[in-house]
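Quick note: the coordinates plus some simple rules give every number you see, no bench work behind them. Every value quoted in this text rests on a predicted model; they were computed, and no experiment measured them. Positions of Cβ are generated from backbone atoms using ideal geometry, with glycine treated the same way; all protein chains shown enter the neighbour counts.
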Amino acid sequence: MTKPSRKSLAVPFTDVELTGAFWKERLDTVLETTIPTQYAKLEESGIRECMKRRDDNPPLYIPRNEHGFTQEIFRDSDAAKWIEAASYALRHRMDDTIVAQIEGIIDDLEAAQEPDGYLNLWYLRHEPENRWTNLRDNHELYCAGHMLEGALAYWQATGRRRLLDITERYLDHIRDMFGPEPGKRKGYPGHQEIELALIKLYHATGEQKHLELAKYFIDQRGQHPHYFIEEMQARGEANEDWVQGTLEYNQSHLPVREQTKVVGHAVRAMYMYAAMADMAAETADEDLARACRALWHDVVDRRMYVTGGFGPSASNEGFTEDWDLPNATAYAETCASVAMVFWARRMLDLELDGQYADIMELSLFNGALVGLSRKGDTYFYDNPLESDGSHHRWDWHFCPCCTMNVSRLIASVAGYFCSTGPGLAAMHIYGGIEAKLDIDGRPVTLSEASGYPYDGTVNVELGLDGPHSFTLALRVPGWAKDFTVRINGEAVTAFTENGYLRLNREWQDGDRVTLDLPMRGERLWAHPNVADDRGRVALRRGPLVYCVEAKDTPELPYLTLPRDAELATAKMNDFGGTVAIRAAARAIDTAGWGDDLYSPHPPRTDATTMTAIPYFLWNNRGANRMQVWIPESPAQAEG
């Protein structure tokens, strides 16, 4: 493989401590509530029992649907994602109960593993004769990928590698089964994930074989003869028997370097693009990087919700066509926003460009974070941008992938703040951290303090073992209309390059940099091709997108926001003092309309006050009406 083109590499979560109030609160919630209640749900729902090998083809917890499919097929992945989330949490606070629960799952996995290394509990419990016969639908490689990610996180957080040893034996089996060599199967996962995990394992161990297997799965996808078609024919099935009906669903319709349109299942797509970016950075594959850029602009420029959500359709949990972004029926699966965070961070490794950090931040603070309640024990699977009050959080889900996906992201969020490269330390998001960096072989401590995401004053202090020359790159978000910077209290003139303020100098121990990013409430308008949003406006302040709930503004859905109304900010008593946006608005007087269905006269409007809260906080006070996009009126008018 060729020389890497990677500009930087994220600083591992193990080397970053969260110190800021916003993420500390979220992390404490995950530690104290989410992880324990999720384990209880694993037991209650039968997922924990499904990790035990049984040779009697036990009854299903989730019956097969009309297409012959049951979500029980990928329960290995749900247990593995819980292990991963719990392991990240253990890095911040050791908990003997959680360790014992993880070790209990490992005991069962070790007992279940076949002598040849194979380890998928669905097949071992229900149809051992059919293993590796349906990669398209049955998630064997996907489950293996999540098991590997859980094993890596547990090893990195605790130093215990028994699960990693089990998983590496499974990987040896997979490597024996799949690859370009004669006699091996030419398959690849129907649900992408293992590619990401293998590259993580390569970074952790330096063993080239893991990178090579990931590269094989990426390169082989969509090649002809098409493996999924051959596999289907070998099972004696016809294409019309497949409920999805199109190879675009799992992005195998074309080799990955030829793909330019974002199609199909949103989470699968984002996982694949993240792996492509990771591989492009690792191997200097410009064709792969070019495909990543084309796909990035396709989704961000035409197919992304203002909240950093992705995929409008429930039928394929994914994409439809350009500009199709309905609000009330938006699917926008939490997992898709989590996966976008993965992809964006890897694009930052490939190219240190603020456009990627902007979307990483957008999806993190809005489309992903909304998936977990403030209390930490209820979840959103799909995330509409408008609700009549019937949408509510789940205390679990029959397909609980988003529950553990959002908890593993929050528990590992420390790994998304900064990265390093030759002569470089870069900060991508803010919120309070202390990070241990290695820059050109020398230790550097980077301490960042701020009230982010509610306050844009960012203070960075460097701890050094002596004078050290390198570039400190601080992201200036795309939403920031202006900024100022001071070094050790002295104002300096500085310019941005690709969204980053690059401060190149010989740094001294104790040097302080203050970056001020004024946060103001502002309006956003959608492209005129987005039919649902014509004549409407969304609100943003800093990295947060806002919404209006009937709890604060009972006039929903009859509210309009005049274009000249000032957007003021105020702290709320709810949610620990979050910053709300308030504005003078108008509300249609429905009572004065009468009984006529139609009238030649416009309705009367009355003055009211609108209060908007961060989107990620909605539905924490019970189900009620909500809107992100508010109808706009030209200017304040008399009623």
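In the chain, the DSSP beta bridges split such that about 90 percent are antiparallel, to the nearest 5.
With charges set only on the Cβ (+1 for Lys and Arg, -1 for Asp and Glu), what does the dipole of region 246-396 come to about its Cα centre, in debye to the nearest 20? Provide the component values of the computation, followed by the final result.
Values: 12 positive and 24 negative charges, 53 e Å.
Taking the Cα centre of region 246-396 as origin, the dipole is about 260 debye.
Distance check, please: which entries in Lys41/Lys215; Lys52/Lys81; Lys186/Lys261; Lys41/Lys436 exceed 28 angstrom between their Cα atoms? If you can, show how the numbers build up before the last one.
On the way: Lys41/Lys215 36 Å; Lys52/Lys81 17 Å; Lys186/Lys261 25 Å; Lys41/Lys436 36 Å.
Lys41/Lys215; Lys41/Lys436, as the Cα separations exceed 28 Å there.
Ranking Pro634, Ser313, Trp507 by how far each Cα lies toward the positive end of the dipole of the chain (charges on Cβ) leaves Trp507 at the top.
Sorting the segments 146-152, 556-562, 443-449, 494-500 by their residues' average number of neighbouring beta-carbon atoms within 10 angstrom, most packed first, yields 146-152, 556-562, 443-449, 494-500. Note on the chain: dipole from Cβ charges, positive end direction compared against Leu171, Leu196, Tyr39; the farthest Cα belongs to Leu196.
Mind putting a number on the dipole of the chain about its Cα centre? Charges go on the C-beta only, +1 for Lys and Arg and -1 for Asp and Glu, and I need it in Debye to the nearest 20. Could you put the intermediate results ahead of the total?
Details: 66 positive and 96 negative charges, 182 e Å.
Magnitude of the dipole: close to 880 debye.
What is the Cα centroid distance between region 97-121 and region 514-577, reported in whole angstrom? For region 97-121 versus region 514-577, the Cα centre distance is 48 Å.
Since only Thr471, Gly145, Phe575 are under comparison, the one whose Cα sits farthest along the positive direction of the charge dipole of the chain, derived from C-beta charges on Lys, Arg, Asp and Glu, is Thr471.
Treating the Cα atoms of the chain as identical point scatterers in vacuum, please give the log10 of the normalised Debye intensity I(q)/I(0) at q = 0.07, 0.11 Å⁻¹, two decimals. Ignoring solvent entirely, the Cα scatterers give -0.45, -1.11. The protection proxy used here, the mean number of other Cβ atoms lying within 10 Å of each residue, ranks peptides 604-610, 139-145 as follows, highest first: 139-145, 604-610. Modelled this way, with points 7 Å down the Cα-to-C-beta line, the labels at Thr19 and Thr609 are 3.8 nm from one another.
Regarding region 406-508, what whole-number volume in Å³ per residue does the convex hull of its Cα atoms give? Let's see the in-between values first.
Numbers: hull volume 12.1 nm³, N = 103.
Per-residue hull volume (Cα only) is 118 Å³.
For Glu632, the residues whose modelled amide H falls within less than 5 Å of its own, excluding neighbours fewer than 5 places apart on the same chain, are Arg536, Val537, Leu561. Pairs of alpha-carbon atoms within less than 8 angstrom and 6+ residues apart define the contacts here; what relative contact order does the chain have, in percent? It rounds to 13 percent for the chain. Note down the Stokes-Einstein diffusion coefficient of region 265-360 in µm²/s, whole number, using a Kirkwood radius over alpha carbon pairs, 4 °C, and 1.567 mPa s. The calculation lands on 98 µm²/s. Here region 418-516 is assigned +1 on the Cβ of each Lys and Arg and -1 on the Cβ of each Asp and Glu. Its dipole about the Cα centre then comes out at about 220 debye. Spherically averaged projected area of the convex hull of Cα atoms, region 522-633: 8.3 nm². Normalised by residue count, region 461-574 yields a Cα convex hull volume of 172 Å³ per residue.
Could you list, in their original order, any pairs among Lys200/Lys481; Lys24/Lys551; Lys7/Lys209 whose Cα atoms are separated by more than 29 Å?
On the way: Lys200/Lys481 36 Å; Lys24/Lys551 27 Å; Lys7/Lys209 23 Å.
In this structure, Lys200/Lys481 lie more than 29 Å apart at Cα.
Listed highest first by mean packing, meaning other Cβ atoms within 10 Å per residue, what order do 53-65, 253-265 come in? List each step's numbers first, then the result.
Details: 53-65: 11.5, 253-265: 19.5.
Output ranking for 53-65, 253-265: 253-265, 53-65.
Quick one: grab the alpha carbon gyration tensor of region 325-450, order the square roots of its eigenvalues as a ≥ b ≥ c, and give me rounded if a/c is under 1.5, else prolate or oblate depending on whether a/b is larger than b/c. Cα axes put region 325-450 in the prolate bin.
Across region 82-137, the volume of the C-alpha convex hull divided among the residues equals 108 Å³ per residue. Taking max minus min of the alpha-carbon positions on each principal axis, region 1-133 gives extents of 50, 46, 33 Å, largest first.
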